[in-house]
Amino acid sequence: MQRKAVALVSGGLDSMLAVKVIQEQGIHVEGINFFTGFCVEGHTHAIRKRDRKKPKRNNALWVAEQLGIKLHIIDIVEEYKEVVFNPKYGYGAHLNPCLDCKIFMVKKAKEWMEAHGFDFIITGEVVGQRPKSQRKDTLPVVQRDSGIGDLLLRPLCAKNLPPTLPEREGWVDRERLYDFSGRSRKPQMALARKFSIEDYAQPAGGCCFLTDEQYSVKLADLWRARGGKQYEMDDIMLLKVGRHIRPAPHFKLIVSREEGEGRFLQGYRGRYPSLKTVSHAGPLALIDGEVSEEELALAARIVARYSQGKNAPEVELEYRDTEGNTRTLKVPPLPPHELNPEWML
Amino acid sequence: MAEGSAVTREILDCRRLLCPMPVIRVQDKVAELHPGDELEAISTDPGALNDIPAWCRINGHQVLEAKERDGEYIVRIRVGSEP
Ligand code: SF4
């Protein structure tokens, strides 16, 4: 009987290798990929014009195609919020709840595995690879808290860990698994060469925006402004776009940095009032929060500062409310020294 | 084709969704359809033009057409026979 494994596929090299190693042992493998809303790929590519020139691909789909496996992408946006708001094991360097995230994903993969008659789960984890979520003492936590127990096999470092059920039952040959550990990427690169894998995505710190310092600052700011931990899909997408400037606790501006972002922000004009320079070429800005007439003038001066008219005595802007009613404002652009650096998120 | 039923042609609105959401929508819709059925996904994220066909290749569905039309990205597919 051919055994079936479901692999957590992130799109990076490690999960790709893990799948290869298990495929080589005659196991049928399919991939599963979770969309949390914070995933790095896609969004920014679609928004920023200069990113559009780069070859665009969804790494998880690409990896699956290289490996010849099916890939199931699961939308976990809603359920994932709880992981981000209340991680039992806390956050990493930024707002990344990596250990809780891993546990959650393995738990979801377990549900999928059971629903589809698969036998076990594999991941590309390596002991000691990441400071918190992939330590020798935290790997068992993932197994315990997710409920997967010894049906979770990590082919790249299995030899450093107690034998799992698939190994004990002889579904896979432990001798042909690996003993990678630590932060070095050399063993992975060597194994990639062995499998003639030449093209793969380079892991840059983490697999999601929550490991990004700037992003986490903006998310923490959003929570402060909203009076608690909460977000909607639109919120977390907007945090990836534009300059975020908060001149007062109760409102912030999201100012486009280039054309692509401007076009993207236009789609939100029904949700947020907006400002757009008209006398000079310039950005589109959304206003998140209630503003007084005086604050609106300040907002307009800030936006004018980022337009071609930044040195002009006066810039004309169009203010548009969420219903589409417009009016014109004329303001002197804010001089650089009046732009408080603390406003910049 | 499922139980001799006629081929369905459906349109899926994925406008304003960013990748990989259009792929997820297509995937979930295809799960409800039968082999031979056709689905046209309309997206505004250009990434859909790569990602939906990639997803189809992996999962054994046929891409009939993938093109840009008036600033929107259209991918037309035929559901494959694999489970
Ligand atoms: S980097 Fe993001 S997606 Fe990856 S484990 Fe950490 S929280 Fe989860």
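It is to be established whether one or more residues within region B:68-82 are among the basic types (Lys, Arg), open to solvent by 80 Å² or more (accessible area, probe 1.4 Å) and free of Cβ contacts under 8 Å to residues at least 12 places away in the same chain.
Among the residues of region B:68-82, at least one is among the basic types (Lys, Arg), open to solvent by 80 Å² or more (accessible area, probe 1.4 Å) and free of Cβ contacts under 8 Å to residues at least 12 places away in the same chain, which makes the answer yes.
Determine which single condition B:LEU33 fails, assuming it passes every other condition in (1) more than 9 Å from every other protein chain (Cβ to nearest Cβ); (2) under 10 Å from the mean Cα position of the chain (by Cα).
Exception for B:LEU33: condition (2).
Being in a loop (DSSP other than H, G, I, E, B) and within 9 Å of the ligand (Cβ to nearest atom) narrows it down to one of A:LEU95, A:LEU99, so name that one.
A:LEU95
Among the residues in region A:169-185, are any open to solvent by 20 Å² or more (accessible area, probe 1.4 Å), in contact (Cβ under 8 Å) with a residue 12 or more places away in the chain and in contact with a strand residue (DSSP E or B) (Cβ under 7 Å, 6 or more places away or on another chain)?
yes
One line per residue, one yes/no per condition, for (1) in contact with a helix residue (DSSP H, G or I) (Cβ under 8 Å, 6 or more places away or on another chain); (2) within 14 Å of another protein chain (Cβ to nearest Cβ):
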position: B:VAL7; (1), (2): no, no
position: B:GLU10; (1), (2): yes, no
position: B:ILE24; (1), (2): no, yes
position: B:GLU40; (1), (2): no, no
position: B:GLN62; (1), (2): yes, no
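Evaluate the following for B:GLY60: is it touching a residue at least 24 places away in the same chain (Cβ under 8 Å) and surrounded by fewer than 20 Cβ atoms within 10 Å (Cβ to Cβ)?
No, not satisfied.
Residues checked against (1) in a loop (DSSP other than H, G, I, E, B); (2) open to solvent by less than 50 Å² (accessible area, probe 1.4 Å); (3) over 22 Å from A:CYS39 (Cα atoms):
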| position | (1), (2), (3) |
| --- | --- |
| B:LEU17 | yes, yes, no |
| B:PRO22 | no, yes, no |
| B:VAL26 | no, yes, no |
| B:VAL30 | no, yes, yes |
| B:LEU39 | no, yes, yes |
| B:CYS56 | no, yes, no |
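Quick check on region A:119-140: of everything there that is touching a residue at least 12 places away in the same chain (Cβ under 8 Å) and open to solvent by 20 Å² or more (accessible area, probe 1.4 Å), which residue is farthest from the ligand (Cβ to nearest atom)?
A:ASP119
The values are calculated or read from the model by the stated rules, or taken from the named source; none is laboratory data. It should be emphasised that the depicted structure is a prediction, and the values quoted were computed from it without experimental measurement. Using ideal geometry, Cβ is built from the backbone for each residue, glycine included, and neighbour counts are taken over all protein chains shown. Quick note on the areas: whole protein, heavy atoms, side chains included, nothing else; ligands and nucleic acids left out. Shrake-Rupley method; radii C 1.70, N 1.55, O 1.52, S 1.80 Å.
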